[in-house]
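Visitor: Quick one: the structure is below, and I'll ask about it shortly.
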Amino acid sequence: MSRIPKGAIIIVIILIAIFALDHYTLEPIIREKYLENDIRSFKDNSLIYKVIFVSIMVVFTFLLQIKRIKSSQISEILIFGVITWFSLFLATQRMIDHVLLYINTKTEKEQITKIYSVVNHEDKKVFWLNDGNKSIYSEKDLENINRSRILKNLQSVFFFNTNDTVRINFRKGIINVNYIE
């Protein structure tokens, strides 16, 4: 039976630690700070960041191995590089998004205050906020906004009636994605 190289074991342990950090630390922070529509919009438009990150990783790995490469291995290395690039790209998309959104929360550029109109039909158990362009109706988003307001000693959004207005403060970071203050 062949032995598993120590380098492979170390790489697997590091990858497990990175993905655990993403899942158990970054993801909860992102889910708390961002509205679902903002996360979805960012993920739809973040392809360039992912391509750049993965390309840098593959080039860096290639440069570390360049002394060991023989000219007869170039075609094999290119095929391996493409497979590696594609695998890394698929495996790290979510993590890259989370890292970028986390960085966005640490690099405030501006503060934005949006005024929302409340739609509250208690008898029908319907509640959402509308600013004329977008509506916030996700229970998770409403809970996050409410938690933010309560931490600032402001009235809960759920105590407002239909047609009341609510001011919600957002911040915008370096990636131009709004997050809840």
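The values are calculated or read from the model by the stated rules, or taken from the named source; none is laboratory data. No experiment lies behind these values; they were computed from the predicted model shown. Heads up, the Cβs are rebuilt from the backbone with ideal geometry, glycines too, and the neighbour counts pull from every protein chain shown. Surface areas here come from the heavy atoms of the whole protein model, side chains and all, with no ligands, DNA or RNA. Shrake-Rupley method; radii C 1.70, N 1.55, O 1.52, S 1.80 Å.
Visitor: Is it possible to state the helix-based mean residue ellipticity at 222 nm for the chain, with each DSSP H run of 4+ residues giving -39500 (n - 2.57), the sum divided by total residues, to the nearest 500 deg cm²/dmol? What is it?
Guide: That comes out to -18000 deg cm²/dmol.
Visitor: Sketch the reach of a paramagnetic label on ARG94 as a point 7 Å from Cα along Cα-to-Cβ, and name the residues of region 11-51 whose backbone nitrogen lies under 14 Å away.
Guide: 16, 18-31
Visitor: Can you tally the lysine pairs in region 1-160 where the Cα-Cα distance is under 16 Å and the two residues are eight or more apart, or on different chains?
Guide: 8
Visitor: Can you tell me the convex hull volume per residue for region 5-141, based on C-alpha atoms, in Å³ to the nearest whole number?
Guide: 160
Visitor: Would you kindly derive the ³J(HN,Hα) couplings of region 105-119 from the backbone phi angles with the Karplus curve 6.51 cos²θ - 1.76 cosθ + 1.60 (θ = phi - 60°), listing them in order in whole Hz, with x for Gly and Pro?
Guide: Going residue by residue, I get 6, 9, 10, 5, 9, 8, 10, 10, 10, 10, 9, 10, 8, 8, 10 Hz, with x marking Gly and Pro.
Visitor: Now for a separate question. Using a Förster distance of 22 angstrom, determine the FRET efficiency expected from the C-beta separation of ASP123 and SER156, and round it to 0.05.
Guide: Values: r = 19 Å, r/R0 = 0.87.
The computed FRET efficiency comes out at 0.70.
Visitor: Within the chain, what whole-number % of the accessible surface is contributed by carbon and sulfur, with the 1.4 Å probe and all protein chains included in the calculation?
Guide: That share works out to 62 percent.
Visitor: Between helix 6-21 and the chain, what is the angle of the helix's C-alpha long axis to the longest principal axis, kept within 0 to 90° and rounded to the nearest 10?
Guide: Tilt of helix 6-21: around 10 degrees.
Visitor: Determine the gain in length on full extension of the stretch ARG3-ASN163; use 0.36 nm per residue of separation and subtract their C-alpha separation, reporting nm with one decimal.
Guide: Result for the pair: 50.7 nm of gain on full extension.
Visitor: So, one more: Between GLU143 and VAL51, take the C-beta separation as r, use R0 = 41 Å, and let me know the FRET efficiency to the nearest 0.05.
Guide: Values: r = 34 Å, r/R0 = 0.84.
Working from the Cβ atoms, E equals 0.75.
Visitor: Apply the a/c threshold of 1.5 to the C-alpha gyration tensor of region 4-73 and tell me whether it is rounded, prolate or oblate.
Guide: Taking the square roots of the gyration eigenvalues as a ≥ b ≥ c, region 4-73 is oblate.
Visitor: Roughly how far apart, in whole Å, are the Cα centres of region 1-65 and region 128-168?
Guide: So the two Cα centres are separated by 33 Å.
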